[in-house]
Amino acid sequence: MRPDVSPRGRVSSLLPDFPWDTIASVKVKAAAHPGGIVDLSVGTPVDPVDPLIRTALNSVAAVPGYPTTHGTPELRAAAVDALKRRYGITGLEPAAVLPAIGTKELIAGLPRLLGLGSGDLVVIPEVAYPTYEVGALLAGAQVLRADGLTRLGPQTPALIYVNSPSNPTGRILGVEHLRKVVAFARERGVIVASDECYLGLTWEGRGVSLLDPEVCDGDHTNLLAVHSLSKTSNLASYRAGFVTGDPELVAELLEVRKHAGMMVPLPIQAAMTAALSDDAHEARQRERYRARRDVLRKALEAAGFRIDDSEAGLYLWSTRGEPCRTTLEWLADRGILAAPGDFYGPGASEHVRIALTATDERIAAAAERLAAG
C-alpha cells in the first residue's frame with residue numbers, strides 16, 4: 001500500500017487554486033447556449049500555423065540527436081535580428097539568447113533558477129499574470145504587489161517583474177516609467193525581468209522593451225526580457241519562447257538549465273527560427289486580431305461595458321461596475337465565457353478579461369448576443 005503523503009510534503013499546497021478550475025460551472029452554463037459557447041476566457045490561438053513555419057518544423061523532423069539547451073546558432077541570431085528589426089532593441093549578442101519551453105515555464109521557474117529563496121522578495125504588478133506569484137512561491141520567496149517604487153519603501157527586492165504590454169489589462173508602461181525602474185534596480189543591485197510577450201500587439205501608443213536603448217541606455221546589466229512566439233506566430237502548441245538581456249544572467253540560466261535537461265526540441269527550434277526571420281506572417285495575424293478587436297470592442301461598449309487600458313495585447317479589460325463574478329454569470333447567460341478579474345489580483349475584482357482569440361465567426365456571434373441584450 002502506498003504510504004500517505006503529508007500535505008506539508010506536497011508542493012501544490014504552496015500554491016493557490018488553479019484559476020480556471022474555479023470557473024468550471026460558469027463554463028458549463030455558457031456551453032449550454034443554443035448557439036454554442038464563445039470561449040473568450042483564454043488567450044489561445046485559433047488560427048493555423050503559417051506554412052512557412054510548418055515546413056521548417058518538418059525539415060529537421062528526422063534528426064535523432066539531442067538538441068542543445070542554448071539553441072542553434074541560427075535561432076539565436078534570428079532572435080537578435082528580429083528584436084532589432086521589430087522593436088529597435090540593439091546591443092544584444094546571440095550568446096545572450098536562451099530558448100525556453102514556452103514562457104510560462106520560464107517565468108514559473110525563474111526565481112528558483114536565479115537562486116532565490118525564503119529570504120528574498122519578489123515584486124510583481126498589482127494586477128498580474130498569476131504565474132509571477134506562482135514562481136516566487138515555488139522558490140519559497142515573499143511576494144509584494146506593487147506598480148510603483150514608492151510601495152517598496154526601504155525594502156530591496158531580489159527580483160522585480162514588469163509586464164508591458166500587460167496581461168490582463170493591456171496597459172503600456174512608458175519610457176520614463178521603465179527608466180525609473182531600471183535606475184532603482186541599478187542603485188540596489190536588483191534583477192528586473194520584463195515579460196514582453198505582447199509587445200508585437202500594440203494598438204494604441206507605443207510599446208517599448210526594457211532593453212530599448214531609450215530605457216536602459218544600452219546597458220543590459222541585471223535586465224532580462226522574456227519573449228513568446230505564441231501570440232502573433234500562433235505557436236502556443238509549440239511551446240516556443242526565449243529570454244535575453246544580461247549576458248551573465250543568461251549564462252547562469254543556461255548553466256542551470258543544462259543540468260536540468262531543459263531543452264527545446266530541435267524541430268521547435270527550427271520553427272522558431274523561421275518565425276523570427278519572417279515578419280509577413282506576423283503582420284497578417286496582427287491584422288486579424290485588430291479586426292476582431294474592433295468588432296468586440298464596439299459590441300461591448302454598446303452593451304454598457306467600459307473598456308479600461310487595453311492599448312495592447314489580446315484582451316479587452318472590461319467592467320460593468322459590479323463584482324466580476326456577477327459579470328461572468330451575465331456573459332455566460334449569453335453563451336460567452338470570460339476570465340474574472342480576481343484571477344489577477346485583489347485589485348481587479350470588478351473587471352473581466354475578454355480575449356480576442358476566437359474565430360471571426362465566434363467573435364461575430366458574441367457581438368450579436370451582446371447586441372441582443
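Bear in mind these aren't lab numbers, they're just calculated from the coordinates by the rules spelled out. This is a predicted model, so every value here is computed, not measured. No Cβ is skipped: glycine too gets one built from the backbone with ideal geometry, and neighbour counts run over all protein chains shown.
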Taking the alpha-carbon distance from Lys180 and a cut-off under 15 Å, which aspartates and glutamates remain once sequence neighbours fewer than 8 residues away in the same chain are dropped? Asp147, Asp212, Glu214, Asp217, Asp219
What does the charge add up to near Tyr129, with Lys and Arg as +1, Asp and Glu as -1, over the other residues with Cβ less than 15 Å from its Cβ? -3
Work out the P(r) tail for the range 8-50: percent of alpha carbon pairs separated by more than 14 Å, whole number. 66
Would you mind listing how long the range 90-216 runs along its three principal axes, going by Cα atoms, in whole Å with the largest first? 38, 35, 29
Based on the alpha carbons, how large is the Rg to Rh ratio for the range 9-106 when Rh follows Kirkwood? 1.10
Env charge @ Asn167, Cβ radius under 9 Å, K,R +1 / D,E -1, value 0
Identified option (computed Rg/Rh (Cα atoms, Kirkwood Rh); candidates [x] 0.94; [y] 0.97; [z] 1.06): [y]
Order of 343-353, 281-291 by packing, highest average Cβ count within 10 Å first? 343-353, 281-291
If you find the alpha carbon centre of the range 28-86 and of the range 159-234, how far apart are they in angstrom? 22
Relative contact order for the chain using alpha-carbon pairs under 8 Å, separation at least 6, rounded to a whole percent? 25
